[in-house]
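Peer 1: Take a look at the following structure, please.
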């Protein structure tokens with residue numbers, strides 16, 4: 001099931017200059033993650049490894065590079081070292097990885113550029129974010145997760161490298177800003193084994209290359225994905241447990 005169409009990776013992501021948190025964000029609220037035991041009765045100890053599951057056929061970064069419209073689409077998101085942590089945090093240093101990535105001239109997908117896309121040092125078609133951090137926030141009473149670079153808003157979320165002998169796009173392009181993720185089914189406070197998430201286009205601030213009002217307007221993340229808990233094989237096994245965000249008492 002795909003969530004409603006976004007205004008705009010993402011990943012995974014997040015997904016980002018000196019951009020302030022939206023004025024509607026409630027600061028100072030005490031928020032936390034809650035994971036229930038197998039009987040859905042008692043809270044279980046954090047930290048809990050996050051895993052992703054495909055929903056949309058594509059996750060798309062819609063934007064512009066050198067005044068040329070682009071739609072970078074990827075088919076499969078995965079997480080690397082991202083855990084639910086105490087006090088509503090996500091692991092600092094975790095990453096999102098997107099595979100099956102191609103670059104088109106616009107979304108919906110029509111004409112493909114004569115370019116391949118990847119992150120530097122990655123395989124063609126693979127985009128890996130930089131080190132990320134995240135936390136629960138309240139936006140107009142809605143629980144959401146704010147994702148940004150580990151070093152903050154001035155950090156680099158990801159780098160896109162376009163290649164090809166006939167490629168007309170600038171070769172290296174950094175993505176900055178922050179991504180606000182919401183449960184698009186409205187179940188952020190409901191204990192479920194997996195949650196369907198998407199970028200909140202009203203709060204997310206992304207730009208490719210130089211920071212400008214136009215870049216913030218045109219750079220969007222489209223699509224949705226499922227997020228669930230997993231077994232990391234080294235002591236954190238929350239596989240198939242119900243979880244949610246919550247307002248701590």
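Peer 1: Taking the conditions exactly as written (modelled with pLDDT of 95 or more, in contact with a strand residue (DSSP E or B) (Cβ under 7 Å, 6 or more places away or on another chain) and over 25 Å from residue 54 (Cβ atoms)), does residue 150 satisfy them or not? Lay out the reasoning, then the answer.
Peer 2: Numbers: modelled with pLDDT of 95 or more: yes; in contact with a strand residue (DSSP E or B) (Cβ under 7 Å, 6 or more places away or on another chain): yes; over 25 Å from residue 54 (Cβ atoms): yes.
Answer is yes for this residue.
Peer 1: Looking only at strands (runs of 3 or more DSSP E) that fall completely inside segment 178-235, which ones have 3 or more residues that are within 15 Å of residue 148 (Cα to Cα)?
Peer 2: The strands (runs of 3 or more DSSP E) meeting that bar are 205-208.
Peer 1: While we're here: Only one of 153, 206, 222, 160 is surrounded by 22 or more Cβ atoms within 10 Å (Cβ to Cβ) and either touching a helix residue (DSSP H, G or I) at 6+ places or on another chain (Cβ under 8 Å) or within 20 Å of residue 92 (Cβ to Cβ) (or both); which?
Peer 2: 206
Peer 1: Sticking with this one: Residue 124 passes all but one of (1) modelled with pLDDT of 95 or more; (2) surrounded by fewer than 19 Cβ atoms within 10 Å (Cβ to Cβ); (3) closer than 26 Å to residue 232 by Cα; which number fails?
Peer 2: All conditions pass for residue 124, except number (3).
Peer 1: Hey, could you check segment 153-178 for residues that are under 15 Å from the mean Cα position of the chain (by Cα) and more than 18 Å from residue 119 (Cα to Cα) and say which is modelled with the highest pLDDT?
Peer 2: Looking at residues that are under 15 Å from the mean Cα position of the chain (by Cα) and more than 18 Å from residue 119 (Cα to Cα), I get 178.
Peer 1: Can you name the residue in segment 58-91 that is over 16 Å from the mean Cα position of the chain (by Cα) and assigned to a loop (DSSP other than H, G, I, E, B) and, of all such residues, is surrounded by the most Cβ atoms within 10 Å (Cβ to Cβ)?
Peer 2: 85
Peer 1: Where residues in segment 24-45 are under 24 Å from residue 151 (Cβ atoms) and either more than 19 Å from the chain's Cα centre (by Cα) or modelled with pLDDT under 50 (or both), which of them is surrounded by the most Cβ atoms within 10 Å (Cβ to Cβ)?
Peer 2: Among those residues, the one meeting the criterion is 31.
Peer 1: Among the candidates 201, 177, single out the residue that is on the phi > 0 side of the Ramachandran plot and out of contact with any helix residue (DSSP H, G or I) (no Cβ under 7 Å at 6 or more places or on another chain).
Peer 2: Just one listed residue meets the conditions, 177.
The values are calculated or read from the model by the stated rules, or taken from the named source; none is laboratory data. All values derive from a computational prediction rather than experimental measurement. Quick reminder, even Gly has a Cβ in these numbers, built from the backbone with ideal geometry, and neighbours come from all protein chains shown.
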